[in-house]
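Before I ask anything, let me first share the structure, which is written out below as structure tokens.
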Amino acid sequence: MGNAGVQMACVALGVLGLIGVIVSCTVPRWKVSYFIGSNIVTVQSVQDGLWMSCAVQSTGQQQCKSYNSVLILASDLQAARAMVIISIMLCCLSLLVLFCGAEFTTCIQNEDAKPKISLVAGVGLMLAGLLVIIPVSWSANIVVQNFNNPFVVDKKELGECIYVGWGAGVLLLLAGGLLCCFSRPKQGSSGGTARFTNSTGGTNKAFV
């Protein structure tokens, strides 16, 4: 029953992490730059994401445009596209595997196989978390370096999706780590070595 509770908590953490990864993938808020004109009312922000770039006026008007080619993207965003999509697919697959091998489901009747299946799901969730944290941290590092570089004119700041990606990656790592800790395969009763001690104080004899 204890493992079932931990697995249910891991499912909740995995679902929240998956939602965070999807939000980070779809919302164009990875890099944000602001432009203030001669009049402070004319403030414009340019928001760059994985799939489109949006220009938001201070009046609330927003215009978004999809990237014409992948090659115009920065190298970190190009890699982030692939890593985040793989992370979403791996997270969905790991949650599906976890549902099949969880203690609170009856999809698999073999009780000895359930811990192994849950362990595989835990490893998958941890990999999904790493695939999110790596591109998010890479983009954040480039933004910080360019912001502190006096020779870079186009200064950009960290967008909300960077923080959402960090949070989602931590949730997935936590869910996968808990599954790996509490889903250890049970030791089989056969195939081991049994050792018996003679009651008269004789030598020990091992039977296989």
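The values are calculated or read from the model by the stated rules, or taken from the named source; none is laboratory data. From a predicted model like this one, the values you see are computed outputs, not experimental measurements. Every residue, glycine among them, receives a Cβ derived from its backbone with ideal geometry; neighbour counts consider all protein chains shown. Accessible surface is based on the protein model in full, side chains and every heavy atom, while ligands, DNA and RNA are left aside. Shrake-Rupley method; radii C 1.70, N 1.55, O 1.52, S 1.80 Å.
MET52 is checked against (1) modelled with pLDDT of 90 or more; (2) surrounded by 17 or more Cβ atoms within 10 Å (Cβ to Cβ); (3) touching a strand residue (DSSP E or B) at 6+ places or on another chain (Cβ under 9 Å) and fails just one. What number does that condition carry?
(2)
Select, from CYS64, CYS92, CYS107, the only residue that is open to solvent by 50 Å² or more (accessible area, probe 1.4 Å), at negative phi and part of a loop (DSSP other than H, G, I, E, B).
CYS107
Output yes when any residue across region 153-162 is of a type outside the set (Val, Ile, Thr), under 19 Å from the mean Cα position of the chain (by Cα) and open to solvent by less than 10 Å² (accessible area, probe 1.4 Å), and no when none is.
Yes - at least one qualifying residue is present in region 153-162.
Taking the stated definitions as given, is ALA79 open to solvent by less than 70 Å² (accessible area, probe 1.4 Å) and over 15 Å from GLN7 (Cα atoms)?
yes
Return the pairs, sorted by first residue and then second, in which the second residue is surrounded by 16 or more Cβ atoms within 10 Å (Cβ to Cβ) and assigned to a helix (DSSP H, G or I), the first residue lies in region 136-151 and is in contact (Cβ under 8 Å) with a residue 60 or more places away in the chain and of a type outside the set (A, V, I, L, M), the beta carbons are less than 7 Å apart, and the residues are 6+ apart or on different chains.
Taking only residues 6 or more apart or on different chains, the pairs are TRP138/ASP76; SER139/ASP76; SER139/LEU77; SER139/ALA80; SER139/ILE162.
Yes or no, residue by residue, for (1) modelled with pLDDT of 90 or more; (2) touching an Asp or Glu at 6+ places or on another chain (Cβ under 7 Å); (3) within 29 Å of LEU178 (Cα to Cα); (4) basic (Lys, Arg):
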residue: MET1; (1), (2), (3), (4): no, no, yes, no
residue: VAL15; (1), (2), (3), (4): yes, no, yes, no
residue: ILE19; (1), (2), (3), (4): yes, no, yes, no
residue: LYS31; (1), (2), (3), (4): yes, yes, no, yes
residue: GLN57; (1), (2), (3), (4): no, no, no, no
residue: GLY60; (1), (2), (3), (4): no, no, no, no
residue: GLN63; (1), (2), (3), (4): no, no, no, no
residue: ALA82; (1), (2), (3), (4): yes, no, yes, no
residue: PHE99; (1), (2), (3), (4): no, no, yes, no
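Any residue in region 127-139 that is open to solvent by less than 70 Å² (accessible area, probe 1.4 Å), among the hydroxyl-bearing types (Ser, Thr, Tyr), farther than 22 Å from GLN7 by Cβ and out of contact with any Lys or Arg (no Cβ under 9 Å at 6 or more places or on another chain)? Even if it seems obvious, please write down each step before you answer.
Within region 127-139, the subset open to solvent by less than 70 Å² (accessible area, probe 1.4 Å) is 128-129, 131-133, 135-137, 139.
Checking which are among the hydroxyl-bearing types (Ser, Thr, Tyr) leaves us with 137, 139.
Checking the rest, the ones that are also farther than 22 Å from GLN7 by Cβ come to 137, 139.
In the following step, the residues that additionally are out of contact with any Lys or Arg (no Cβ under 9 Å at 6 or more places or on another chain) were identified as 137.
Yes, region 127-139 contains at least one residue that is open to solvent by less than 70 Å² (accessible area, probe 1.4 Å), among the hydroxyl-bearing types (Ser, Thr, Tyr), farther than 22 Å from GLN7 by Cβ and out of contact with any Lys or Arg (no Cβ under 9 Å at 6 or more places or on another chain).
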